Amino acid sequence: MSPDIPFPSYLEQKRQLTQWKKTHPWLGAVHSQVTQDCVKRLHNTWERFKSKKFGFPRFKKFGRYQSFLFPQFKESPIKDGFIKLPKIGSVEINLHRPIPEGFRVKGVRIVSRVRGTVWYAVVTIQCDVKVPDPLPFGRGIGADIGLESYLVTSDNFRVEPARFFRDLQSRLKVLQRKASRKNKRSKNWEKAQLKVAKLHHEISNARKNFHFQTSHLLCDQADMIFVEDINFKMTAKGFLGKQMLDGGFGQFRDLLSWVCWKRGNYFAQVDHKYTSQICPECNAHTGKKELKERVHHCPECGYSTSRDHASGRVILQRGLESIVRLDESERKLSAEKSALPEREGWRGNLAIPNRSFGVSPGIYDGRSVLPGIAISR
């Protein structure tokens, strides 16, 4: 294609599909809307590359195109534990939950994992109901995310860090060494690569399961949750990059916001600047702390606590200030006393450690079974 010829539009490429099917009969074995979606994804990627001037579309060789979409269905394709897909037929599935009444199937995306040995059907359902975003109410907590403790709330409740990749790193190293010694594209090479992919999939599932459990745990404790708006992509490039990536903090924050929306809890991000340098008791600036300094001590008021706990309280104060304009007298109140009314039937009654209710702070290590949460690892 000459560089002088303008890149064809999405409609022009869709019209060319009918011509390509005449010259390439094997394209007829694929559903027409699936091929149109492939063209749409290519066109959107090209338009994004032209606007941002980086991210040239990459050729998807065999094994790299890991999902395809059926965008619409006339009737529900799921029936009696089977899903009926055009041009493919009925496929038995493990239906995790039934489709709620009043909803209809809008589309189905088929996703491939573990080198084409594990398949998922992501079903999109639709209903003509508008669900409003949760509004601020009830009791709030601030959560500080870190490496020494995965998460410390303003109530001094701690979640110990879980080592998903680091615990299995030695095992992964052995499998990768064995795979590198096989002849490329041979049968033994494929088997070795499959073992590596399965271990990566196991690590990813364990990390995501831990994120979901921790998100529900926080939603059980309070009605409003505030976290920092840190750019974790930048922090993952430092000398602690392996630990940052193993924690998956960006994925945890996204899942936490989704769980809060699903359960009706309010979620917000606050400014992350100087949260570890400000005293939560007197709002005095205590100066920059080195990474090895894990204790907060205020020379103005003498308040002393762990660094992560003090940051969690500052995050909570900033979150409440972003919702309600506090006067000078209210600013001196502790972060645990919310200025918002409590909601009837508060859900935080699962014996979760909570300093505001007179229970001593606790520690969750990420491996024990939580009340009301099933471990599927």
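Its alpha carbons considered, segment 135-292 gives a radius of gyration followed by a Dmax of 19.5, 67 Å.
The radius of gyration of the Cα set in segment 249-308, together with its Dmax, comes out at 15.3, 43 angstrom.
Note on segment 67-126: percent of Cα-Cα distances in each 10 Å bin, starting at 0 and stopping at the bin with the largest distance, equals 20, 60, 19, 1.
Close amide H pairs (under 5 Å, H built 1.01 Å from N) link Ile278 with Thr286, residues at least 5 positions away or on another chain. Under 5 Å between amide hydrogens, built in the peptide plane, is the criterion, and for Gly107 it picks out Thr124 among residues at least 5 positions away or on other chains. Using only side-chain charges placed at the Cβ, +1 for Lys and Arg and -1 for Asp and Glu, the dipole size of segment 9-78 relative to its Cα centre rounds to 380 debye. Each part reduced to its alpha carbon centroid, segment 162-225 and segment 26-93 end up 26 Å apart. Above 14 Å, the calculated P(r) of segment 116-156 contains 73 percent of its Cα-Cα pairs. Kirkwood hydrodynamic radius of segment 10-52, from the reciprocal of the average inverse Cα-Cα distance over all distinct pairs: 11.1 Å.
Over segment 31-155, all Cα pairs binned in 10 Å intervals from 0 give whole-percent P(r) values of 9, 26, 23, 25, 15, 1, listed from short to long. Each of Ser311, Ser186 was scored by other Cβ atoms within 10 Å of its Cβ. Arranged with the fewest first, they read Ser186, Ser311. Treating each Cα of segment 1-73 as one equal point scatterer and applying the Debye formula with no solvent, the log10 of I(q)/I(0) at q = 0.19 Å⁻¹ comes out as -0.98. Residues Met244, Met224 in ascending order of nearby Cβ atoms (within 10 Å, fewest first): Met244, Met224. Residues Ser51, Ser76 in ascending order of nearby Cβ atoms (within 10 Å, fewest first): Ser51, Ser76. May I ask which of Lys21/Lys50; Lys79/Lys106; Lys60/Lys173 have a Cα-Cα span longer than 18 Å here? The pairs that break the limit, which is 18 Å between Cα atoms, are Lys21/Lys50; Lys60/Lys173. Loop-located trypsin sites (Lys or Arg not before Pro) across segment 47-116 with a Cβ neighbour count of 13 or fewer within 10 Å are Lys53, Arg58, Lys60, Lys61, Arg64, Lys74, Lys87, with loop assigned by DSSP.
Coordinate-derived values only; no laboratory data. Because the structure is predicted, anything quoted here is derived from the model rather than measured. Every residue, glycine among them, receives a Cβ derived from its backbone with ideal geometry; neighbour counts consider all protein chains shown.
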